[in-house]
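Asker: The structure is given below, and queries will be raised subsequently.
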Amino acid sequence: KFVDNASTLEVGYNGRFVGDDFEAVEYDMTAISGEAVSLDAFHLDELYNQQNLTNGLFSLDRNVDRYEVTKNIHAAYTEVTYQFSPHFAGNLGLRFDNVYLVVDYNVDRGGTRGQAKISKSYLLPMLNLKYDFNDKQTLRLGVSKTYTLPQSKEISPYKYIGINFKSQGNPDLKPSDNYHVDLKWDYYFSSSELISFTGFYKYIKNPILRIEANNAGGYLTYKNISDYAMVGGVEMELRKNIFNRVSTAVEKTNRLSIGLNASYIYSHLKVTNVENTPEKNSKLEGAAPFLLNTDISHTYVYRNKAFTNSLVCRFFSDRIYTIGTTGFQDIV
């Protein structure tokens, strides 16, 4: 962060402590009467009711799948902002994270029991530089390292059955290390108007991706299928007023503005860590090459009341939902 015309030093600690309990209850009803059931006139309520259960015409089985998640993250950081000149400032930070993530699971009717554990420490540097050419133009450079932990549903082997797909977690998942570089130029027409261009690059080590599992159940699963992935692109943002009428005498504002955000994203990875799958090039899951967001907004402010109407349009091109492996095609 930057403070105008000031140098600062900040030292701190952040702690995050999460405990999640997941439980899924499944009831199975099995007819044991031995009588043939006609499917032409088959009514569930007539067979599976309390009277027939009491008479022993079917059995009722109750199964509980559960897993418990414990996630503790201790983070110590230091950050210094130095104002080299009225136009040039730098922000340097260093963060140390100690991560402890444990998932204890008992699923598949007790057939799959175990623990998935991630215990790891991270040293995360960060550098931001900001140069003001004048009061309208600014150039920013950002370099940093972060990490991505698996979600509980991605690391627990519970079989989730959704409306559109089925998935099963993978206890062997590794976290991802992410390296970021961003360069951004801003030009301010006024305090509420700007145009900016951004170039970005990300290198991801051990990316976590969703793939088609090699089983008869048709489950999707999660895996570090590549040693690395790369993402690069450019982004343009525009915010411009069509008109902006301000009356300080009666504290009234009447403004009509347009906004545009467009980006091109290039992503690449090589599938190398999947059995029965030859090496192949692919794009990153969920990364659409083209994104476009545009809006037109009218804002009316009178004293302490504001009223805004917006018309918003969004477009994104085809993107990969699941990367195909073991002979399957990508789901797009």
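The values are calculated or read from the model by the stated rules, or taken from the named source; none is laboratory data. What you are looking at is a predicted structure, and each value in this text was computed from that prediction instead of being measured. Every residue, glycine among them, receives a Cβ derived from its backbone with ideal geometry; neighbour counts consider all protein chains shown. Heads up: the accessible areas ignore ligands, DNA and RNA and are worked out on the full protein's heavy atoms, side chains in. Shrake-Rupley method; radii C 1.70, N 1.55, O 1.52, S 1.80 Å.
Asker: Share of the chain's accessible area from carbon and sulfur, percent, 1.4 Å?
Answerer: Answer for the chain: carbon and sulfur cover 54 percent of the accessible area.
Asker: Going by average Cβ neighbours within 10 Å, how do the peptides 122-135, 143-156, 299-312 rank, with the highest at the top?
Answerer: Per-residue Cβ counts within 10 Å, averaged per peptide and sorted highest first, yield 143-156, 122-135, 299-312.
Asker: Could you sort 161-168, 85-92, 244-251 so that the peptide with the highest average Cβ count within 10 Å comes first and the rest follow in order?
Answerer: Output ranking for 161-168, 85-92, 244-251: 85-92, 161-168, 244-251.
Asker: If you don't mind, another one. So, in Å, what gap is there between the alpha-carbon centers of region 252-287 and region 145-197?
Answerer: With region 252-287 and region 145-197 each reduced to a Cα centre, they are spaced 11 Å.
Asker: Here is a further query. Can you list the lysines whose alpha carbon sits under 22 Å from that of residue 252, skipping same-chain ones fewer than 8 residues off?
Answerer: Excluding near neighbours in sequence, the set is 240, 305.
Asker: I need the peptides 198-210, 18-30 ranked by packing, meaning the mean over residues of other C-beta atoms within 10 angstrom, with the highest value on top.
Answerer: In descending order of packing, they fall as 198-210, 18-30.
Asker: Is there a pair in 159/283; 184/205; 202/270 whose C-alpha atoms are over 21 Å apart, and which pairs would that be?
Answerer: 159/283; 184/205
Asker: Moving on. What's the magnitude of the charge dipole for region 1-133 around its Cα centre, counting Lys and Arg as +1 and Asp and Glu as -1 at the beta-carbon? Answer in Debye, nearest 20.
Answerer: Values: 11 positive and 19 negative charges, 213 e Å.
Dipole magnitude for region 1-133 comes out near 1020 debye.
Asker: Further question: Lysines within cross-link reach of residue 153: Cα-Cα under 18 Å, excluding same-chain residues under 8 positions apart?
Answerer: The reachable lysines, counting only those whose Cα sits under 18 Å from residue 153, are 71, 117, 166, 174, 223.
Asker: In Å², and per residue, what accessible area does region 173-332 have when probed at 1.4 Å with the other protein chains present?
Answerer: Details: 9190 Å² over 160 residues.
It amounts to 57 Å² per residue over region 173-332.
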